[in-house]
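Below: the structure, in structure tokens.
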Amino acid sequence: MTVYLELEFFLERNLQKNLIRRFKKGYTNRPKAIGDLIRGWLTQQKISLESKEEVGIITLLYHEVKATTDALLNTQHSYSGKVVSATHICLDPHIYLEVLIVKGRLNQIKEIADQLSPITGVKQVQLILITHKLD
């Protein structure tokens, strides 16, 4: 049986407006939306403290030129046992979005993202850590 706890908190005006805007984009239940936000944050905190095998999703936005593409592929190949899947889409003639699914110890997953970030042509890198082992 799930036990619920009532919380009351105050938010900055801009944060509150953004949160309400988010509710209008898909959530019809504020407690569910806030619970999902807290659950996501707790997941990231829990994973960052542990060193066991986890899964991560690395998203990259990059300007497609041969040097960038070659550097990205070389980096991914150097972690061939950790990068389990990669896919990309063309957003416009020279901008690509790439998604990597990676598996390994947290420090290895973060290392992969850290190696991809400084590559010339890479505009943005985001790492999302996922676990199914929450208490």
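Quick look at the numbers
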| item | result |
| --- | --- |
| Accessible-area composition of the chain, carbon plus sulfur, in percent [1.4 Å probe] | 55 |
| Solvent-free Debye scattering, log10 I(q)/I(0), computed from the Cα coordinates of segment 1-80 at q = 0.19 Å⁻¹ | -0.99 |
| Links that overshoot a 24 Å alpha carbon limit, given the list Lys24/Lys103; Lys66/Lys123; Lys52/Lys82 | Lys24/Lys103 |
| Length gained when the stretch Arg105-Asp70 is fully extended (0.36 nm per residue, less Cα-Cα span) | 10.0 nm |
| Along principal axes, Cα extents of the chain, largest first, whole Å | 53, 36, 22 |
| Descending principal axes extents, segment 75-135, alpha-carbon based, whole Å | 44, 22, 17 |
| Per residue accessible area of the chain, 1.4 Å probe, in Å² | 74 |
| Relative contact order of segment 15-129, defined on C-alpha pairs under 8 angstrom at six or more residues apart (%) | 35 |
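The values are calculated or read from the model by the stated rules, or taken from the named source; none is laboratory data. Given the structure is predicted, the values throughout are model-derived calculations rather than measurements. Just the protein is used for accessible areas: all its heavy atoms, side chains included, with ligands, DNA and RNA removed. Shrake-Rupley method; radii C 1.70, N 1.55, O 1.52, S 1.80 Å.
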